[in-house]
């Protein structure tokens, strides 16, 4: 299966190249998702502005659990594999826990992390947070962290749609998606 939209080859528009230079390691080719969106400077810019990979109201591990679980729930192998390769090792997300972000299996999560898994399942299934879950989240996360959780889950649901519908092949070096 091949990608449904051909990625933009280099050279890129100056604004796009500047963004790619800022986020990609020196000498690394830009990700296929980025070069596909680079076909339109407006779409590329809007997408890049919504990523939430900066320092925010969540720890990097909490952020990655949400990203991996939303991508796992949506079978977004491309994005899950990129994050599993680039971020998961740095936050101790590996083995049974990494696999559980796809399967939902119990994997010895800390209580706050298990709550994130519950949150992801709820928002992915219903696009809502019921009162009981909201109260549980409120006991662990600030209001701004809860807003960030919802934005993060929604953004990676969108990313899942993009990578799945575009039929993007895994990046070289990405972690294979669990069967």
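Computed from the coordinates by the stated procedures, all read-outs in this text should not be read as laboratory data. Everything quoted here is computed from the prediction, not taken from an experiment. With ideal geometry, Cβ positions are generated from the backbone for all residues, glycine too; neighbour counts draw on all protein chains shown.
Of all residues in the stretch 76-108, those that are surrounded by fewer than 16 Cβ atoms within 10 Å (Cβ to Cβ) and assigned to a loop (DSSP other than H, G, I, E, B) total 6. Counting the residues of the stretch 1-14 that are more than 18 Å from residue 170 (Cβ to Cβ) and loosely packed, with under 11 Cβ neighbours inside 10 Å gives 3.
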